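Peer 1: First the structure, which I've put down as structure tokens, then a few questions once you've had a look.
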Amino acid sequence: MEYDYNARRKRLMLPEYGRNVQKMINHIKTIENRDERNKAARTVIGVMQNMVPHGRDMEEFKHKLWDHLALISDFELDIDAPYDLPTKELYTAKPSPIAYNSNPIRFKHYGRGIELLIAKAMEMEAGEEKDRLVKLIANHMKRSYVTWNKSTVTDEVVLSDLKKISGGKLTPDKDLVLAESRVMFTKPRKKRPQRKK
């Protein structure tokens, strides 16, 4: 007696729906009458919907099920679907390469995010809101500096770096005091519940 192991069977396109759904879809491909084929496809979509009950009422979820039906059938089903079915070329196409930002970061320990924040602050009109943003940026710079350099840093160094990155356009108040390094990394202590006497 020879056993029928899954390892010897044809690979499932989407294993989450199981082999029976795969068999039903393979059967739909053999139906010659288009109306019967459409009816069978809607029935299989209903079965697939019952297998994944969460999101059953969402419109995009139904679209996803029809996409899965096309994928499981290896894009060979000729049916009238309520949505445009994907093509094999869409799934086999390679994604376009991502263009990386080639602009060098002057102060790598602060990161690109700080440079973007500083650029945004430079666009703002002078006022209280801009001053608060500059203070937040400076505190974040100090935190980043300490995180990557594992040493203390003076406020003067951070404010000098802020001035350099902004090209001299952001000059915080000389009286600006940043948070202390040790305060930045201390976690607030949890209050212990008091024992009843």
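The values are calculated or read from the model by the stated rules, or taken from the named source; none is laboratory data. Because the structure is predicted, anything quoted here is derived from the model rather than measured. FYI the Cβ positions are ideal-geometry reconstructions off the backbone, even for glycines, and counts take in every protein chain you see. Protein only, heavy atoms only, side chains kept; ligands, DNA and RNA dropped before computing areas. Shrake-Rupley method; radii C 1.70, N 1.55, O 1.52, S 1.80 Å.
Peer 1: Residue check: is Tyr91 in contact (Cβ under 8 Å) with a residue 12 or more places away in the chain, in a helix (DSSP H, G or I), open to solvent by 90 Å² or more (accessible area, probe 1.4 Å) and of a type in the set (Phe, Trp, Tyr)?
Peer 2: Yes: the conditions hold for Tyr91.
Peer 1: From Asn33, Asn103, Asn38, grab the single residue that is more than 23 Å from the chain's Cα centre (by Cα), closer than 30 Å to Ile165 by Cα and open to solvent by less than 100 Å² (accessible area, probe 1.4 Å).
Peer 2: One residue alone meets the criteria, Asn103.
Peer 1: For Glu115, which of the numbered conditions (1) over 30 Å from Ile165 (Cβ atoms); (2) part of a helix (DSSP H, G or I); (3) of a type outside the set (A, V, I, L, M, F, W, C) fails to hold?
Peer 2: Among (1) over 30 Å from Ile165 (Cβ atoms); (2) part of a helix (DSSP H, G or I); (3) of a type outside the set (A, V, I, L, M, F, W, C), Glu115 violates only (1).
Peer 1: Tally up the residues in the range 51-75 that are over 19 Å from Leu12 (Cα atoms) and either open to solvent by 50 Å² or more (accessible area, probe 1.4 Å) or not small (Gly, Ala, Ser) (or both), please.
Peer 2: Pass one, the range 51-75, residues over 19 Å from Leu12 (Cα atoms): 53-63.
The next check asks that each one be either open to solvent by 50 Å² or more (accessible area, probe 1.4 Å) or not small (Gly, Ala, Ser) (or both); those that pass are 53-54, 56-63.
Matching residues across the range 51-75 total 10.
Peer 1: Does Ile105 qualify as being more than 30 Å from Asn26 (Cβ to Cβ) and in a loop (DSSP other than H, G, I, E, B)?
Peer 2: Numbers: more than 30 Å from Asn26 (Cβ to Cβ): yes; in a loop (DSSP other than H, G, I, E, B): yes.
So Ile105 fits the description; yes.
Peer 1: Let me ask you something else. Here is a list: Glu115, Glu76. Which entry is charged (D, E, K, R), touching a Phe, Trp or Tyr at 6+ places or on another chain (Cβ under 9 Å) and touching a residue at least 40 places away in the same chain (Cβ under 8 Å)?
Peer 2: On the way: Glu76 fails: touching a Phe, Trp or Tyr at 6+ places or on another chain (Cβ under 9 Å).
One residue alone meets the criteria, Glu115.
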